[in-house]
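Worksheet: the structure to be examined is printed underneath.
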Amino acid sequence: MSEIMALKNAPIKELLRRYKELYGEDIAGTHNRLYLWRKIAYKLQEREQGSLSAKTKNRLKTLIEEYDPINNKALRPNKPAPCMQAITKDKRLPIPGTVFTKEYKDAKYCVKVLEKGFEYNGKTYKTLSAIAKEITGAHWNGYLFFNL
């Protein structure tokens, strides 16, 4: 544990050297300190405490494919079934309950995705464009404004 914490503020060169030592390969194209530190910390902990079993790794892979915790796109059909009519959500949107933020003119704005619409500033809106207009005073494509 102390080795991991000592590496937290190590220079990038030291992190790259340690990464190569632990993984046996150069990391192509990244000098992201936090990423390198986390990868090194994981490998050090894995060496000390052991890694996940093959069964557990397979189960995790299956769950990720099935439930995609990032945006749940795997659960959304490409075309709605005949009985579903037009109730499917846009695939660019995260799952309901997700809160995303936008920084605009030195202020931070939070929007919550609902089953039908969005919540911003205690009010419900049908579209992201309506929220973008509320924030900026001008018409915006909501997906572009919120980088979705």
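Rule-based calculations on the coordinates, nothing more; no lab input. Note that the structure is a prediction, hence the values are computed from the model and not measured. In this analysis, Cβ positions are derived from the backbone assuming ideal geometry, glycine residues included, and neighbour counts consider all displayed protein chains.
Collect residues whose amide H, placed 1.01 Å from N in the peptide plane, falls under 5 Å from the amide H of Y104; neighbours closer than 5 in sequence don't count.
So Y104 has HN proximity to Y109.
Restrict the search to the range 1-64; then list the trypsin sites (Lys or Arg not before Pro) that DSSP places in a loop and that have at most 16 other Cβ atoms within 10 Å of their Cβ. Working shown, then result.
Working: sites: K8, K13, R17, R18, K20, R33, R38, K39, K43, R47, K55, K57, R59, K61; in loops: K8.
Loop-located and lightly packed - K8.
Can you compute 3J(HN,Hα) from phi for each residue in the range 45-56, using the Karplus curve 6.51 cos²θ - 1.76 cosθ + 1.60 with θ = phi - 60°, rounded to whole Hz and x for Gly and Pro?
With coefficients 6.51, -1.76 and 1.60, one gets 5, 4, 5, 7, 10, x, 9, 5, 5, 4, 4, 5 Hz.
Among the aspartates and glutamates, which fall within straight-line cross-link reach of K112, defined as a Cα-Cα distance under 20 Å, with same-chain neighbours fewer than 8 residues apart omitted?
Partners found: D68, D90, E103, E134.
Counting Lys and Arg as +1 and Asp and Glu as -1, what is the net charge of the other residues whose Cβ lies under 15 Å from the Cβ of Y109?
+2
Once phi is turned into ³J(HN,Hα) by the Karplus curve 6.51 cos²θ - 1.76 cosθ + 1.60 with θ = phi - 60°, what whole-Hz value does each residue of the range 32-37 show in order, with x for glycine and proline?
Result, ordered by residue: 7, 4, 5, 4, 4, 4 Hz.
What ³J(HN,Hα) values, in whole Hz, does the Karplus curve 6.51 cos²θ - 1.76 cosθ + 1.60 give for the range 126-138 when θ = phi - 60°, with x put for Gly and Pro?
Those phi angles translate into 7, 10, 5, 4, 5, 5, 4, 5, 4, 6, 9, x, 10 Hz.
Starting from the Cα-Cα distance between K57 and K43, subtract it from 0.36 nm times their residue separation and give me the gain in nm to one decimal.
Contour length minus the Cα-Cα distance gives 3.5 nm.
Once both labels are modelled 7 Å past Cα along the beta-carbon direction, what's the L114-T101 spacing in nm?
A separation of 2.3 nm, rounded to one decimal place.
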